[in-house]
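What follows is a set of notes on a single structure, which appears directly below.
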Amino acid sequence: MRKVIGIGETILDILFRGGQPTAAVPGGSVYNAMISLGRMGANVVFISETGNDKVGEMIREDMRKNGVSTEYVNVFPDGKSPVSLAFLNEKCDAEYVFYKDYPRQRLDVTLPEITADDIVMMGSYFALNPVLREKVKELLDKARNAGAIVYYDINFRSTHADEAIRLMPTILENFEYTDILRGSTEDFFNMFKTSDPAAVYKKHVAFYCSNFICTDAEKDISLYTNNVTKKYPVDALEAVSTVGAGDNFNAGVVFGLLKYRVRRNDLAELGESDWDAIIRCGKDFSADVCKSLSNSVSEAFAASYK
């Protein structure tokens with residue numbers, strides 16, 4: 001059975017609405033996608049770290065409950081599991097404040113085995129952090145040597161915009177390892193000072209990675225590949241929270257790759273109808289997660305969608 005191998009941070013998201021806390025849910029960009037894929041019955045492995053504390057145990061228990069192995073989670077004895085405060089505005093979009101206390105030694109784990117056509121997911125500052133770079137690059141080299149598909153969600157927040165020039169060599173190195181690149185118009189503005197998907201693909205992405213998906217909140221999704229250029233409208237909905245929308249779009253795309261048995265060597269040949277089906281999965285996952293305060297798709301959605 002093909003594996004989905006994620007690498008990223010774990011965090012406890014405390015959601016505020018109207019100045020009052022309304023929910024506390026385990027999260028993290030890649031983590032949210034892993035939980036959704038675990039609920040869908042995929043063979044999921046997650047490489048991460050937590051503190052040896054109450055928050056860390058909540059996160060690890062959430063993984064176990066949803067079929068995500070904790071074998072490759074480093075439980076560090078010093079420091080604390082990170083927490084974020086997510087303040088939801090009237091559009092249900094979040095503004096974040098992060099609290100982190102990591103130890104000096106990070107991500108002290110042995111990496112899982114990777115085989116051909118497994119899918120490796122990475123994203124956010126975690127994939128760029130100089131402290132973690134050696135381990136991330138080790139995983140990417142294993143993925144390349146095995147013939148796995150690498151899916152990269154840039155998720156480059158404005159808090160790191162002033163680091164874009166310094167991080168650019170690592171960003172472009174990640175692009176080189178990547179088979180499917182996903183980002184938002186906001187990410188690309190923070191990195192390249194342009195949010196036009198066509199310009200981003202032509203000037204910054206196509207040389208390194210041929211398959212590019214750009215999202216733009218409630219506006220159209222843009223797809224660029226060697227064979228297909230297409231816009232996909234986003235269906236209107238009443239959102240409760242958009243915190244996990246992008247993360248679960250990623251989970252849906254990866255689920256689509258599994259569902260339609262897309263192997264790494266197939267990517268270059270995918271046509272419009274293939275991408276239509278894959279992007280539809282991404283849209284469906286994203287829409288479901290916006291209907292609740294959860295960071296991952298509901299168990300009811302997972303049961304019916306399978």
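Values computed for the structure shown
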item	result
Qualifying residue in the stretch 164-176 (condition: without any contact (Cβ under 8 Å) to a residue 40 or more places away in the chain, in contact with a strand residue (DSSP E or B) (Cβ under 7 Å, 6 or more places away or on another chain), within 21 Å of Thr215 (Cβ to Cβ) and crowded, with 17+ Cβ neighbours inside 10 Å)	yes
Search result, residues across the stretch 142-195 that are in contact with a Cys (Cβ under 8 Å, 6 or more places away or on another chain) and either of a type in the set (S, T, N, Q) or not in a strand (DSSP E or B) (or both)	Phe175, Glu176, Thr178, Asp179, Ser184, Thr185, Phe188
Those residues of the stretch 25-69 which are hydrophobic (A, V, I, L, M, F, W, C) and part of a helix (DSSP H, G or I), in sequence order	Val30, Ala33, Met34, Ile35, Leu37, Val55, Met58, Ile59, Met63
Residues that are at pLDDT 95 or above, farther than 17 Å from Glu269 by Cα and buried (at least 20 other Cβ atoms within 10 Å of the Cβ), drawn from the stretch 213-245	Cys214, Thr215, Ile221, Ser222
Residues located in the stretch 80-112, provided they are surrounded by fewer than 11 Cβ atoms within 10 Å (Cβ to Cβ) and either in contact with a strand residue (DSSP E or B) (Cβ under 9 Å, 6 or more places away or on another chain) or assigned to a strand (DSSP E or B) (or both)	Asn89, Glu95
Flag if Gly28 is crowded, with 24+ Cβ neighbours inside 10 Å, touching a strand residue (DSSP E or B) at 6+ places or on another chain (Cβ under 8 Å) and on the phi > 0 side of the Ramachandran plot	yes
Qualifying residue in the stretch 81-102 (condition: within 24 Å of Asn43 (Cβ to Cβ), in contact (Cβ under 8 Å) with a residue 12 or more places away in the chain and touching a Leu at 6+ places or on another chain (Cβ under 8 Å))	no
Residues of the stretch 145-192 satisfying the condition of being under 19 Å from the mean Cα position of the chain (by Cα) and of a type in the set (Lys, Arg)	Arg157, Arg182
All positions within the stretch 261-275 that are free of Cβ contacts under 8 Å to residues at least 40 places away in the same chain, among the charged types (D, E, K, R) and surrounded by fewer than 18 Cβ atoms within 10 Å (Cβ to Cβ)	Arg261, Asp266
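The values are calculated or read from the model by the stated rules, or taken from the named source; none is laboratory data. These numbers were taken from a predicted model, which means no experiment stands behind them. Glycine gets a Cβ as well: all are built from the backbone with ideal geometry, and neighbour counts include every protein chain shown.
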